Structure formats: structure tokens, C-alpha cells
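**Q** For reference, the structure I am asking about is given below.
The values are calculated or read from the model by the stated rules, or taken from the named source; none is laboratory data. Everything numeric here is computed off the predicted structure, so don't read it as measured data. When we count neighbours, we look across all protein chains shown, and the Cβ atoms used for this are built from the backbone with ideal geometry, even at glycine.
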């Protein structure tokens, strides 16, 4: 039996238990301590931004064309000179090792096998050098621009040396989000070790044993810059202070000057920021509201994409994330004029539910759902989805 048939049989079998990302989410919730699940799943404030993301996606209707020639949907998509197997990728996840031990490595392996991009966060718990080795040609690096110029230049230089071709500068975290779930759970930097969290960890042995095997997670990309002999609290305070403040136009220009490859600005939700990013010479933007994790009153990306597209023009690469949970959602956003779609939580639920099999299966689910949606719509390729938008 060839490798392709083995892959199909494995995921068809998993499909009986996990037919959707929602099924993986339920399994992940059972395997994760509450403080870890809340960190992944939750938003900020009353979490109305999460609801708004979902409602805006559900409001997008697509009109099928049934009387057409037969075809097999083809998902291959060219982006920034590289051909990917599908028009979607894995969004950056901060504190990935808290979500599930060594999650970034598992996600990178899936991206490499599936030939989709994986964006590694500055505040992931796996180093950018390790991920570059795990997913050559598929790893992108997401940068929270440090307000320390020496650290900023060093991170960019490390990414260049490691072989990254795409740098994603995130601009929508001028201050740490005040997430009520995390505050109640004591999930802070440094973490507060409470009896409640110890009990939660003990009640979820898979997560706890994996954490013991991998060691306590830390900020692998930033730890080299922590002052020597600093205790945990001092180190945590230093790391938190690095990312505070707005990323102004001058700092973006500096990133453009330092980075020789593709530069993307992430966290754009209005026309003015989109124009500013394009004007300084970035190669694309990611329309994002940070998954509803920074401002509860923010509009959804689905609501914002049309006006941003008018601002940047038809040919400028417009990527998007926030709230996506299915292949149908991917089709909805592509039909709304996005060129590429990213998901974070959907893949993370897969990791926590089933480890490597889970993140591979998340990719399988999304691929099959997208192909099915395109078949129903009469669209052989993703670039034709825009004609179905109602």
C-alpha cells in the first residue's frame, strides 16, 4: 500500500471520531488543564469580538453554479513566489508550549509535510533556529518588534541566518491584553503557581507528563537577551517590557530596510494602516484582529476586508485570519477578496487533542472541507471563489 493510501485510510478512520475542528476542540478541552485551554480558547473582556468574528463569517453566503463541466478541485496556490498545496496556513501562536508541550515543532512538521506555511511567533517556546530546521521552505517568522534596537536587529539577523524568507511584523499589540480568563487563572508572566492550577495539571496527566519530558516552557527566542543572573520575575519583567509600545512608521521602515526578503505587516484592521504599510514598501498585509484577544470592540476581519481591498488595490497580497474554523470559512474569506487565509486555534486544538496526528488531521479536515465547498460551488480553483460571493 502506497503512502498516499495509508494517509487517506488513517484520516478516514480519524474522521469517524473527529469530523470537524469543533470535534478536535472538544477533545482538546478534555486533555488540557483549564488555564491552558482558557488561554488558547478565550478572548478579551466579554469576548464579544469572538462572537463578532463568528457571526460575520456565518453571514457570508456563497452562490453555487451547478450546471458546469465536471472537475476535481485544485487547491495549489502561489504566494510570494512559492507554490503551496492549499490557500491556507498556520498562524502564529504565542506561549505554544503552554498550549501543548512542543506544539510549535508539531505544527511545523505538519506544515512541512502538507506544504503550507507555518508562522512562528517571537514568543513561542521553541527557537526560530529549530523551527527553520524542522520546516525548511515552509517556516515564516513573526516579529513583535522589540523596543530595544539591539535586540530587534539581532532577532532579524538570526532569522536571516536561519534561512527564513518571510518576516511577519505584528503591529496590533501596543500593550499586553487584559484577558480576564488568564487573570483569574493566574496565567501571567511569571506564572502564579496556585493550588487550583496544580490540581488542574494533575487531573490532566497527558499534558503534565509531556511537560515534564520537555521541561518548563520558556521564551526560547528572547531568553538569550535576558540579563545574566536574573531571577524568574526579573527575566519575565524584562521580556514583557521589550514588546510594549506602538510600532510607528519609522520602526516599520527600519524593518523594511533590515529585511531582504518578503515583509508582511500583521494586525491591520483599517484603511489608514493598510495604506501606510503598503506605502513603506511591505509586500503584503494580514488583516487581523488578533483573534479577538486584544480589543473587544474591534470589528471582524470579514467586515473589514472589503474597504481594505479598495485601499490596497486588486494586485496587492491580502492575507487574513481571526475566527476561521472550517474549510467553508476559508472559502468565505477567499470569496471576499482575500488571497490567503491563516488559522491558529484550529490547528492548536488538533495538537492538544491528538498530538502530531491531531495537527495533521486538522489539515486533512480543512482540505477536505474546502474541496467539498469548491465542488458544491462549481469552482475548480480558489481564485474563482470571488464570483460566488452573494
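**Q** Restricting attention to region 326-345, does a residue exist that is within 14 Å of the chain's Cα centre (by Cα) and part of a helix (DSSP H, G or I)?
**A** Looking for residues that are within 14 Å of the chain's Cα centre (by Cα) and part of a helix (DSSP H, G or I), one finds at least one in region 326-345, hence yes.
**Q** Does region 130-146 hold any residues that are surrounded by 15 or more Cβ atoms within 10 Å (Cβ to Cβ) and over 17 Å from the mean Cα position of the chain (by Cα), and which are they?
**A** Taking region 130-146 first, the residues surrounded by 15 or more Cβ atoms within 10 Å (Cβ to Cβ) are 130-132, 134-135, 138-146.
Within region 130-146, 130, 134, 145, 146 qualify.
**Q** Cβ-Cβ below 8 Å, separation at least six or inter-chain, first residue in region 15-26 and touching a residue at least 24 places away in the same chain (Cβ under 8 Å), second surrounded by 15 or more Cβ atoms within 10 Å (Cβ to Cβ) and not in a helix (DSSP H, G or I): which pairs?
**A** If the second residue must be surrounded by 15 or more Cβ atoms within 10 Å (Cβ to Cβ) and not in a helix (DSSP H, G or I), the pairs left are 20/326; 21/325; 21/326; 22/325; 24/18.
**Q** Please go through region 81-133 and pick out each residue that is in a loop (DSSP other than H, G, I, E, B) and closer than 28 Å to residue 385 by Cβ. Lay out the reasoning, then the answer.
**A** We begin by selecting, within region 81-133, every residue in a loop (DSSP other than H, G, I, E, B); these are 81, 85-87, 91-95, 100-102, 115-117, 121-127.
Across region 81-133, the qualifying residues are 81, 85, 86, 87, 91, 92, 93, 115, 116, 117.
**Q** Quick check: anything in region 257-266 buried (at least 17 other Cβ atoms within 10 Å of the Cβ), assigned to a loop (DSSP other than H, G, I, E, B) and at pLDDT below 95?
**A** No, region 257-266 contains no residue that is buried (at least 17 other Cβ atoms within 10 Å of the Cβ), assigned to a loop (DSSP other than H, G, I, E, B) and at pLDDT below 95.
**Q** Let me ask you something else. If you scan region 153-170, which residues turn out to be in contact with a helix residue (DSSP H, G or I) (Cβ under 7 Å, 6 or more places away or on another chain), in contact (Cβ under 8 Å) with a residue 40 or more places away in the chain and not in a helix (DSSP H, G or I)?
**A** Hits for region 153-170 are 164, 167, 169.
**Q** Sort out which residues of region 34-45 are surrounded by fewer than 23 Cβ atoms within 10 Å (Cβ to Cβ) and assigned to a loop (DSSP other than H, G, I, E, B), and write them in order of number. Give the derivation first.
**A** First, pick out the residues of region 34-45 that are surrounded by fewer than 23 Cβ atoms within 10 Å (Cβ to Cβ): 34-35, 38-39, 41-42, 45.
Answer for region 34-45, where residues must be surrounded by fewer than 23 Cβ atoms within 10 Å (Cβ to Cβ) and assigned to a loop (DSSP other than H, G, I, E, B): 42, 45.
**Q** Consider residue 67 carefully, then state whether it is at pLDDT 95 or above and either more than 28 Å from residue 295 (Cβ to Cβ) or surrounded by 12 or more Cβ atoms within 10 Å (Cβ to Cβ) (or both).
**A** Working: at pLDDT 95 or above: no; either more than 28 Å from residue 295 (Cβ to Cβ) or surrounded by 12 or more Cβ atoms within 10 Å (Cβ to Cβ) (or both): yes.
It is false that residue 67 is at pLDDT 95 or above and either more than 28 Å from residue 295 (Cβ to Cβ) or surrounded by 12 or more Cβ atoms within 10 Å (Cβ to Cβ) (or both).
**Q** Between 375, 322, which is crowded, with 24+ Cβ neighbours inside 10 Å and out of contact with any strand residue (DSSP E or B) (no Cβ under 6 Å at 6 or more places or on another chain)? First the steps, then the outcome.
**A** On the way: 375 fails: crowded, with 24+ Cβ neighbours inside 10 Å.
Sole residue among the options that is crowded, with 24+ Cβ neighbours inside 10 Å and out of contact with any strand residue (DSSP E or B) (no Cβ under 6 Å at 6 or more places or on another chain): 322.
**Q** Same structure, new question: If you go through region 248-272, how many residues are touching a strand residue (DSSP E or B) at 6+ places or on another chain (Cβ under 8 Å) and over 22 Å from residue 151 (Cα atoms)?
**A** Residues of region 248-272 touching a strand residue (DSSP E or B) at 6+ places or on another chain (Cβ under 8 Å): 252, 255-256, 259, 261-269.
Pick out the ones that are also over 22 Å from residue 151 (Cα atoms) and you get 268-269.
Residues meeting the conditions: 2.
**Q** With the requirement that a residue be part of a helix (DSSP H, G or I), modelled with pLDDT under 95 and out of contact with any helix residue (DSSP H, G or I) (no Cβ under 6 Å at 6 or more places or on another chain), what does region 10-30 give you?
**A** Within region 10-30, 10, 12, 13, 15 meet the criteria.
**Q** Follow-up. Tell me, yes or no, whether region 267-276 has at least one residue that is closer than 21 Å to residue 344 by Cβ and in a loop (DSSP other than H, G, I, E, B).
**A** Yes; the residues of region 267-276 include at least one that is closer than 21 Å to residue 344 by Cβ and in a loop (DSSP other than H, G, I, E, B).
**Q** Related question: Against the definition (in contact with a helix residue (DSSP H, G or I) (Cβ under 9 Å, 6 or more places away or on another chain), touching a residue at least 40 places away in the same chain (Cβ under 8 Å) and within 18 Å of residue 17 (Cβ to Cβ)), how does residue 330 come out, yes or no? Write out each step before concluding.
**A** Values: in contact with a helix residue (DSSP H, G or I) (Cβ under 9 Å, 6 or more places away or on another chain): yes; touching a residue at least 40 places away in the same chain (Cβ under 8 Å): yes; within 18 Å of residue 17 (Cβ to Cβ): no.
Considered against the rule, which asks whether it is in contact with a helix residue (DSSP H, G or I) (Cβ under 9 Å, 6 or more places away or on another chain), touching a residue at least 40 places away in the same chain (Cβ under 8 Å) and within 18 Å of residue 17 (Cβ to Cβ), residue 330 comes out as no.
**Q** When you look at residue 107, is it touching a strand residue (DSSP E or B) at 6+ places or on another chain (Cβ under 9 Å), surrounded by fewer than 21 Cβ atoms within 10 Å (Cβ to Cβ) and in contact (Cβ under 8 Å) with a residue 40 or more places away in the chain, yes or no?
**A** Numbers: touching a strand residue (DSSP E or B) at 6+ places or on another chain (Cβ under 9 Å): yes; surrounded by fewer than 21 Cβ atoms within 10 Å (Cβ to Cβ): no; in contact (Cβ under 8 Å) with a residue 40 or more places away in the chain: yes.
No.
**Q** Out of the residues in region 142-152 meeting the condition of being under 15 Å from residue 282 (Cβ atoms) and either in contact with a helix residue (DSSP H, G or I) (Cβ under 9 Å, 6 or more places away or on another chain) or part of a loop (DSSP other than H, G, I, E, B) (or both), tell me which one is modelled with the highest pLDDT.
**A** Residues of region 142-152 that are under 15 Å from residue 282 (Cβ atoms), as a first pass: 142-143, 145.
Filter again for either in contact with a helix residue (DSSP H, G or I) (Cβ under 9 Å, 6 or more places away or on another chain) or part of a loop (DSSP other than H, G, I, E, B) (or both), leaving 143, 145.
On the way: 143: 97, 145: 93.
For region 142-152, the residue satisfying everything is 143.
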